[in-house]
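See below for the structure under consideration.
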Amino acid sequence: MRSAVVIAILIIVGFVGCRDAPRPNKIGLTSKAGESAQRQARPAQAAVRIAVAPVISHRENFRFYAPMMDYLAQRLDRPVEFLQRPTYSEINDLLRYDLADLAFVCTRAYVQGQKEFGMQLLVAPQVMGKVTYHSLLIVPADSEARSLADLRGKRFAFSDPLSSSGWLYATYLLALKGERPKTFFKNTIFTHSHDNTVRAVADRLTDGGVVHSLVYDRMVGRSPELVRKLRVIGKSPAWGNPPVVVNARIDPSLRDRLLRLFLAMDQDPAAKRLLADLKIERFVSLDDTYYQDVRAMVARIRAQR
């Protein structure tokens, strides 16, 4: 049984191969309140452009995030445009080139975007009382591997080159030993979402992979079949949940409205139902220092090149 996956945060942002969903480029969503305003000939307002990184497959992203987009449109009383792209880098580019106002991104995508073009941290999700998550190294249940070192010469699945949990951590561990993925593994694939990586390993398309802990926990919690097929053999230290970010050039008044709206969602009965579907308890302000470990791993890998 292939279970639907809900990713918290994001928590958290796109893999080449094992893709199981259509990839809509953008979907405009307008709330009933917005439609009513148009009928009453009120001055038209530009849509708020919101992008969601492919931490999970596009079909799942749309299913779980479309209701949130409609909620935001109603509360902002203006249209919301829901944007999806195949990779984390393309989501970053939407913000870089002022083609999106707000995005749900991956941790490393935020670190890179903040450094390169001033992407701004807005909020982060709290899940099961925590604002942190891990990278998990997984293998088929009957694998003889007990650590990453045992996967030399094997097939391995990553999610996206900008994923902290789905690429960076495993690559960092190899860099500490003077290794690189392209020479350490027999071959590698990018699955373009963490749920796809879980399935690739469970179906033995690869001998191992690295995934977002919240995605993995949610999937195995809903599918006893996956519990029997998979085993975790490694876990990263904790770092900050994938954040919600904004374009550096966003209108300050819109940024403030969005910040207040996200921070108050857990107090709104309608929003609490949406958060429950996403397995998010609430959104919180998070200090940028939660992402320092990710920056350190990036620096270590670059030093090897």
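Computed FRET efficiency, Cβ-Cβ of LYS186 and GLN45, R0 51 Å: what is it to the nearest 0.05?
0.45
For the chain: lysine pairs with Cα atoms under 21 Å, gap of 8 or more or different chains, count?
Taking the Cα cut-off of 21 Å, the pair count is 11.
With 27 Å as the cut-off, how large is the P(r) tail for the chain, expressed as percent of Cα-Cα pairs?
Looking at the chain, the distances longer than 27 Å represent 39 percent of pairs.
For the range 133-238, what is Rg from Cα atoms divided by 2.2 N^0.38 Å, rounded to two decimals?
Taking the Cα Rg and dividing by 2.2 N^0.38 Å, one obtains 0.95.
So if R0 is 30 Å, what FRET efficiency would ASP266 and THR289 give, r being the distance between their Cβ atoms, rounded to the nearest 0.05?
0.80
Determine the sum of side-chain charges near TRP239: Lys and Arg each +1, Asp and Glu each -1, restricted to other residues whose C-beta is under 14 angstrom from that of TRP239.
Summing Lys and Arg as +1 and Asp and Glu as -1 gives +1.
Among 160-168, 267-275, how do they line up by average Cβ neighbours within 10 Å per residue, starting with the highest?
Order by mean packing, descending: 160-168, 267-275.
Give the calculated FRET efficiency between ASP98 and ARG228 to the nearest 0.05, with a Förster radius of 35 Å applied to their Cβ-Cβ distance.
0.15
Assigning unit charges at the beta carbon (Lys, Arg +1; Asp, Glu -1) and nothing else, what dipole magnitude in debye, to the nearest 20, does the range 133-238 show about its Cα centre?
Dipole size: approximately 160 debye.
Every read-out reported here was derived from the displayed coordinates using simple, explicitly stated rules and does not represent laboratory data. Source: prediction; values computed, not measured. Positions of Cβ are backbone-derived with ideal geometry, glycine not excepted, and every protein chain shown enters the neighbour counts.
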